[in-house]
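Chemist: Before I ask anything, here is the structure I am working with.
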Amino acid sequence: MSASDILVLAEIQRDAVADVTQELLAAARGVAAATGGQVVALVLSKNGDAYVPALKAADRIVLLNDPLLADYSPEPFLAVLQEVVAAEQPRAVLIGSTSIGWDLAPMLSAKLSAPLVVGCKAIQAEGGALRVTTSFCGGKMMAEVKVADAPAVLMVLPGSFRASGETGQGKVEARSPSAPLAAGAVGFEELILPEAGDVDITQQDVLVAVGRGIQQQDNVELAEQLAEALGGAVCASRPVVDQGWLPSTRQVGKSGMTVRPKLYLALGISGAPEHQEGMSGSDLIIAVNTDAKAPIFDFAHYGAEVDALDLLPKLVEAVQAKK
């Protein structure tokens with residue numbers, strides 16, 4: 001590894017490489033292309049070989065295997081990550097802004113006396129420095145920061161980068177920790193998943209999203225009719241879920257799910273930064289809102305300034321007739 005390389009910490013969830021890792025690899029590719037370095041994926045696990053096929057976007061895949069790395073635990077993970085970064089000195093370390101990332105990245109930054117930037121939405125190489133666009137105050141404010149010191153620890157917001165189809169050289173290097181790992185005071189006990197919903201909205205090609213503009217729970221049925229006609233599912237912004245009109249598994253946004261459907265039809269959604277964070281990676285965004293100044297029109301591909309409740313019955317009829 002050289003001082004121009006970008007190191008990506010691959011996150012493993014439920015025995016699979018998490019989606020955010022593919023976004024990190026895409027972000028790293030853009031920076032490495034400018035620095036002249038390589039994209040290096042680091043896997044901390046009991047048996048990293050199982051995850052190699054999902055990391056083809058990397059130029060190098062470094063596997064650190066140890067029984068204590070089978071599940072996330074802060075102290076052994078930090079010890080190994082610190083060892084790798086200190087020895088290899090990459091230009092930057094990219095870590096997802098996830099529960100694991102929030103636990104690990106600040107500790108790594110402190111141990112290495114390295115700069116830490118959170119909420120990263122864009123990263124560019126500029127001369128010998130990195131220019132990072134970061135989101136804060138719940139996504140209501142953005143700032144550009146220049147990071148000259150290396151290595152820098154960058155926490156990337158999920159949904160900020162689109163996973164690319166690019167592949168690297170994919171050279172695999174298996175290592176063992178230089179010293180026996182200790183379990184630490186905090187250890188993994190059990191992964192408790194929320195109760196599964198009837199639909200996994202992250203896997204849908206078509207999503208009909210409803211917000212405050214739907215006005216009342218009975219009107220959700222209109223959105224469900226349209227979703228059924230389009231072969232998709234209904235999701236919602238936080239206010240609708242807070243009202244109890246749809247379960248939390250249907251919520252899109254910073255405090256909900258990140259989705260990337262082929263079509264995202266937003267009905268009566270203003271488009272607050274928290275919601276945008278969860279759906280901005282959609283291939284096609286169509287917004288329907290009576291407020292011409294609604295933020296969602298700033299990033300939607302198409303928009304209609306009409307009442308969603310007036311449009312929905314006609315749209316359902318038109319789609320059914322077409323089919």
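Chemist: Name the residue, out of L24, L42, L78, L64, that is crowded, with 17+ Cβ neighbours inside 10 Å, touching a residue at least 40 places away in the same chain (Cβ under 8 Å) and assigned to a helix (DSSP H, G or I).
Modeler: None of the other options fit; the residue is L24.
Chemist: Just to be sure, is F161 closer than 22 Å to R260 by Cα, among the aromatic types (F, W, Y) and outside the structural domain of A272 (by TED's automatic domain parsing)?
Modeler: yes
Chemist: Sticking with this structure for a sec: Tell me the residue from V210, V118, V147, V186 that is at pLDDT below 90 and either assigned by TED's automatic domain parsing to the domain that holds A50 or surrounded by 18 or more Cβ atoms within 10 Å (Cβ to Cβ) (or both), please.
Modeler: Within the list V210, V118, V147, V186, the selection yields V147.
Chemist: Is it true that L191 is among the aliphatic types (A, V, I, L, M) and within 28 Å of D71 (Cα to Cα)?
Modeler: Taking the combined requirement at face value, the residue satisfies it.
Chemist: Quick one: would you say E88 is assigned by TED's automatic domain parsing to the domain that holds L24 and either in contact with a Ser or Thr (Cβ under 8 Å, 6 or more places away or on another chain) or buried (at least 22 other Cβ atoms within 10 Å of the Cβ) (or both)?
Modeler: No: the conditions fail for E88.
Chemist: Using beta carbons and a limit of 6 Å, which pairs, at least six apart or on different chains, have the first residue in the range 213-237 and free of Cβ contacts under 8 Å to residues at least 60 places away in the same chain and the second one in a loop (DSSP other than H, G, I, E, B)?
Modeler: Close Cβ pairs (under 6 Å, with a partner that is in a loop (DSSP other than H, G, I, E, B)) amount to Q217/W245; V220/W245; G232/Q204; A233/V199; A233/Q204; A236/L246; S237/G211; S237/I269.
The values are calculated or read from the model by the stated rules, or taken from the named source; none is laboratory data. Values in this document were obtained by computation on a predicted structure and should not be read as measured data. Backbone-built Cβ (ideal geometry, glycine too); neighbour counts: all protein chains shown.
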